[in-house]
Amino acid sequence: MNNRKTGKPAEILLVEDNPGDVRLTQEAFKEGRVLNKLHVTRDGVEAMEFLRQKGNYAKVPRPDLILLDLNLPKKDGREVLAEIKTDKDLKRIPVVILTVSQAEEDVLKSYNLNANCYIIKPIDLEQFIRAVKLIEDFWLTIVTLPPNGKK
Amino acid sequence: MEDKLKAKERLVSESGKMRQRVAEETGRKRVRVKTILKREEYIEDILHTVREPLLVLDSKRRVISANRSFYQTFKIIPGDIKGKVLYDLGNRQWNIPKLRKLLEEILPKSTVFLDFEIEHDFKELGRRVMVLNARRIFHETKRMQMVLLAIEDITDRKRAEKELKQAEELRQAITALELSNRDLEQFAYVASHDLQEPLRMVSSFTQLLAKRYQGKLDKDADEFIDYIVAGAERMQALINDLLTYSRVDTRGESFGPIDSEAAFGQAIANLRVAIEEGEAVITHDPLPPLIADNSQIVQLFQNLLGNAIKFHGKEPPRVHVSARQENNKWVFSLRDNGIGIAPEYFDRVFVIFQRLHGREEYLGTGTGLAICKRIVERHGGRIWVESEINKGSTFYFALPTGRR
């Protein structure tokens with residue numbers, strides 16, 4: 001069942017290489033209503049290790065929600081998205097693309113790769129915080145997510 | 001006696017040899033004369049066979065003979081020229097200084113000149129480019145100096161070469177343009193990603209700073225923060241507009257039949273807030289169908305109407321839009337009662353980032369009309385403005401009707 005009702009924090013994985021954006025997202029989540037734990041990986045390779053609980057990430061929980069930037073070092077967001085959505089254990093985790101790219105081809109490609117939604121990072125701070133709060137609200141309280149850990 | 005006899009025999013023999021030699025010599029001479037005659041015929045034959053215009057002149061530059069090609073190429077009536085000085089031909093059209101110099105100065109010294117190029121304006125033929133070759137020859141039978149002059153008309157070849165060169169230059173220009181378009185597209189991509197990222201950081205953290213520390217620092221700090229935020233916002237607007245501008249060509253949709261009145265209606269709908277706030281009155285005549293990129297025509301109307309509302313005069317803005325057909329073009333006009341534009345700026349207003357007003361007076365990045373121009377040009381049309389200061393402006397754009 002939904003984690004929030006059991007009082008356990010929601011596990012969120014943020015894949016973002018820009019420390020400034022990481023910090024802004026953290027600030028936004030601080031203002032949120034939902035008890036959450038934000039994990040951060042700084043590139044695509046690290047993100048896949050986290051999700052597959054490899055290496056340093058052997059003991060991390062499986063996230064309830066993934067916030068994924070598209071332009072990442074080593075392995076970019078599109079590849080990460082493709083890998084998640086073709087992995088039978090990971091494909092049910094909602095992936096929110098959170099990027100500065102307004103390019104139509106990025107929007108199209110992301111949805112073709114089964115991204116759950118695509119959000120262009122608002123420039124304005126207030127709007128950015130609002131967007132993050134809405135993401136949190138929608139994906140962690142309104143929608144019913146698949147039971148964690150079940151196949 | 002015997003001696004006398006021998007001497008007589010020798011004499012007979014000698015005279016016989018002598019006769020034979022004379023006969024032989026005479027024969028040889030006869031052959032030589034024949035050869036000379038033949039050679040003359042031979043030259044005449046060559047003269048008339050060669051496709052290149054040829055002239056034979058005497059030492060006073062009078063025409064002895066000319067071939068058919070000469071008559072044809074230079075439109076000269078045959079038979080009319082023998083004995084005339086070359087320079088006098090065709091009402092002295094052949095009195096060409098450079099030709100005179102060649103024949104009178106260079107040829108006497110060197111017996112031959114090769115591949116001299118001259119250009120000349122002929123009355124009927126127009127400007128021709130010719131290549132001249134000449135040789136001084138000695139006519140054995142007539143015992144006289146002659147000049148064989150070959151005149152090749154290379155005007156067409158020159159023109160073809162020029163056209164070929166122009167075609168090649170055009171091809172290179174197109175390649176360069178394609179490359180620069182690709183660069184621009186690449187730039188657009190960089191602008192949309194890499195430039196916006198740091199900009200977002202500046203504006204976001206400044207705003208965060210303002211949010212947390214507004215009033216806790218001093219008044220100056222608050223003012224500085226405002227300037228940073230405003231600067232970042234403006235940079236953002238510039239980047240976005242530049243992106244739109246650069247994508248008019250590369251990201252445009254394909255052309256199809258559209259209703260320009262519907263596109264106009266869409267532009268009005270998009271401008272609803274500005275129209276209401278500015279109490280603008282926008283009227284229009286029936287507008288024609290077009291073969292165009294619908295979203296770009298909406299953008300075109302929107303930018304032009306937006307400007308008409310923005311640059312209003314003392315009265316609330318009034319805009320009238322109409323279209324008239326002119327040959328195979330629809331000429332649209334948007335007439336407003338705004339502040340107008342001075343004539344010296346009629347062209348400049350369409351240049352990207354050109355602004356005629358300070359930022360305190362009117363907001364904007366100076367890309368609106370540049371985008372309009374690019375859209376109209378993509379559609380094979382033209383945009384221009386007529387205006388009078390304090391009376392209003394009329395923006396015109398002409399687009400192909402799409403019918404042949």
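All of the numbers you see were taken from the coordinates with simple rules; none came from a lab. The structure presented is a predicted model; accordingly, all values stated were derived computationally and were not measured. Neighbour counts run over all protein chains shown; Cβ positions are idealised from the backbone, glycine included.
Give B:Lys60/B:Lys162; B:Lys109/B:Lys165; B:Lys82/B:Lys123 a once-over and call out the pairs whose C-alpha atoms are over 28 Å from each other. B:Lys60/B:Lys162; B:Lys109/B:Lys165, as the Cα separations exceed 28 Å there. Once you sort the root eigenvalues of the Cα gyration tensor of region B:164-310 as a ≥ b ≥ c, which label holds: rounded (a/c under 1.5), prolate (a/b larger than b/c) or oblate (the other case)? Because a/c hits 1.5 or more and a/b fails to exceed b/c, region B:164-310 counts as oblate. Axis angle, to the nearest 10 degrees, between helix B:294-310 and the longest C-alpha principal axis of chain B: 60 degrees.
When DSSP beta bridges are restricted to pairs lying wholly in the protein assembly as shown, around 70% turn out antiparallel. In terms of the Cα gyration tensor, with a ≥ b ≥ c the square roots of its eigenvalues, is region B:232-297 rounded because a/c is under 1.5, prolate because a/b exceeds b/c, or oblate? Oblate. Judged by the ratio a/c of the largest to the smallest principal axis of the C-alpha gyration tensor, the protein assembly as shown counts as prolate, that ratio being 1.5 or greater while a/b is larger than b/c.
Averaging the Cα positions of each part gives two centres, and for region B:130-195 and region B:55-89 these lie 32 Å apart.
Taking 29 Å as the straight-line reach from the Cα of B:Lys4, the lysines in range (excluding those fewer than 8 positions away in the same chain) are B:Lys17. Considering only B:Arg143, B:Arg159, B:Arg19, the Gaussian network model of chain B with Cα springs below 10 Å gives its largest mean-square fluctuation to B:Arg19.
Give me the net charge for the shell around B:Arg251: Cβ to Cβ below 12 angstrom, other residues only, Lys and Arg +1, Asp and Glu -1.
Residues close to B:Arg251 contribute a combined charge of -3.
Taking 4 °C and 1.567 mPa s as the conditions, I'd like the Stokes-Einstein D for chain A in µm²/s, using the Kirkwood hydrodynamic radius from alpha carbon pairs. If you can, show how the numbers build up before the last one.
Working: Rh = 15.5 Å.
The Stokes-Einstein estimate is 84 µm²/s.
Given only helices, namely DSSP H runs of n ≥ 4 each adding -39500 (n - 2.57), what is the per-residue ellipticity at 222 nm of chain B, to the nearest 500 deg cm²/dmol? Numbers along the way, then the final one.
Details: 12 runs with 199 residues, N = 404.
Theoretical 222 nm ellipticity from helices: -16500 deg cm²/dmol.
Given chain B reduced to its alpha-carbon atoms as identical point scatterers, what log10 I(q)/I(0) does the Debye formula return at q = 0.09 Å⁻¹? Debye curve over Cα of chain B, log10 I(q)/I(0) at q = 0.09 Å⁻¹: -0.79. Give me the net charge of B:Ile225's neighbourhood, meaning all other residues with Cβ under 14 Å from the Cβ of B:Ile225; Lys, Arg count +1, Asp, Glu -1. It works out to a net charge of -2.
In chain A, helices alone account for a calculated mean residue ellipticity at 222 nm of -10500 deg cm²/dmol, with every DSSP H run of four or more residues adding -39,500 (n - 2.57).
Tally Lys/Arg at +1 and Asp/Glu at -1 over every other residue whose Cβ is under 13 Å from the Cβ of A:Asn112; what's the total? Write out the running numbers ahead of the final one.
Values: positive: A:Arg78, A:Lys85, A:Lys109; negative: A:Glu104, A:Glu105, A:Asp106.
So the environment of A:Asn112 carries a net charge of 0.
Rounded to the nearest Hz, the phi-derived 3J(HN,Hα) couplings of region B:73-80 under the Karplus curve 6.51 cos²θ - 1.76 cosθ + 1.60 (θ = phi - 60°) are 4, 9, 6, 10, 6, x, x, 7, where x marks glycine and proline. Phi angles of region B:346-353 translate, via the Karplus equation with coefficients 6.51, -1.76, 1.60 and θ = phi - 60°, into HN-Hα couplings of 3, 8, 4, 4, 8, 8, 4, 6 Hz per residue; Gly and Pro are given as x.
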